[in-house]
């Protein structure tokens, strides 16, 4: 099933049985607000601190995804998931009581692509019948860890993106059915790409080169081009990163202007919501996938998309030591069932 240098094409594609999305108040006020399964008005999700809030967010989402598929926790062989926090504490505390064997993953904001890619390999390879793939982020936990305390009230440059408070989860299965939403036919694993960006408030510029490399690698490995896809969907490049990606692709002879979509630019309204370059965070692509992308594949609006969550591998330690911000992006080819 290996294809080219970095891709896998599945002989028996795993199916996406269903998914769930839970978001915060601001996300619920955006263009996709009516599509989410749950919009929580309390940003602390009934908990005492932000980190506990993100754990609760994860627990609710995974449980909802499992229930929507008519399954129980015991039906899930493995849970693949992660968040943005140090040592994945949102995940470890959030899914503990579900008692599902866990692979904790960190790919920054590309984590949903990583989780789905690895989960698809497990199910297609016969190592699991059903796998849950999940990723989350929370605006307040991310700001607290990577930038400034919210109480500081710092001004944000226009290149900055707004971390989405949200979690998306999908259930992958080796067997499909009439209710399946989509199937995963191929994955392209991204590599770390570092163009020397040192601006922590411009994640789009840091991630765009990685998105370019993964898309270009996918084209080469699968011997296709942009015309093969109804949409090529990046995770959270925002307005700045999108422009860089399109320019890079055009230099290679690929015009993505009409086929490209960015989850970070879909989730917020730039005219009504002060989010500058758009949305970001692990939850950005995850909730957009579950609420907006998968339904369009299920109803046949789109036949095939390349889903490319993008991640900036930023650490407060490395950044404070003067290091640049490397990027990574993982590609997942998703088709109508």
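The values are calculated or read from the model by the stated rules, or taken from the named source; none is laboratory data. The structure presented is a predicted model; accordingly, all values stated were derived computationally and were not measured. No Cβ is skipped: glycine too gets one built from the backbone with ideal geometry, and neighbour counts run over all protein chains shown.
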**Prompt:** Among the candidates 169, 210, which residue alone is modelled with pLDDT of 95 or more and either in the same structural domain as residue 36 (by TED's automatic domain parsing) or over 19 Å from residue 331 (Cβ atoms) (or both)?
**Reply:** 169
**Request:** Select, from 303, 296, the only residue that is touching a strand residue (DSSP E or B) at 6+ places or on another chain (Cβ under 9 Å) and without any contact (Cβ under 8 Å) to a residue 12 or more places away in the chain.
**Result:** 296
**Request:** Confirm whether residue 204 is at pLDDT below 95 and crowded, with 24+ Cβ neighbours inside 10 Å.
**Result:** yes
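Mind checking whether some residue in the range 209-228 is over 30 Å from residue 12 (Cβ atoms) and in a loop (DSSP other than H, G, I, E, B)?
So far as the range 209-228 goes, no, none of its residues is over 30 Å from residue 12 (Cβ atoms) and in a loop (DSSP other than H, G, I, E, B).
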**Request:** Return the total of residues in the range 62-87 being closer than 21 Å to residue 141 by Cβ and either touching a strand residue (DSSP E or B) at 6+ places or on another chain (Cβ under 7 Å) or at pLDDT below 95 (or both).
**Result:** 11
**Message:** Out of everything in the range 309-333 that is within 17 Å of the chain's Cα centre (by Cα), over 25 Å from residue 28 (Cβ atoms) and outside any loop (DSSP other than H, G, I, E, B), what residue ends up being modelled with the lowest pLDDT?
**Reply:** 312
**Message:** Among the residues in the range 166-188, are any within 24 Å of residue 232 (Cβ to Cβ) and in a loop (DSSP other than H, G, I, E, B)?
**Reply:** yes
**Message:** For the condition part of a loop (DSSP other than H, G, I, E, B) and either buried (at least 17 other Cβ atoms within 10 Å of the Cβ) or at negative phi (or both), what is the one hit in 34, 47, 26?
**Reply:** 47
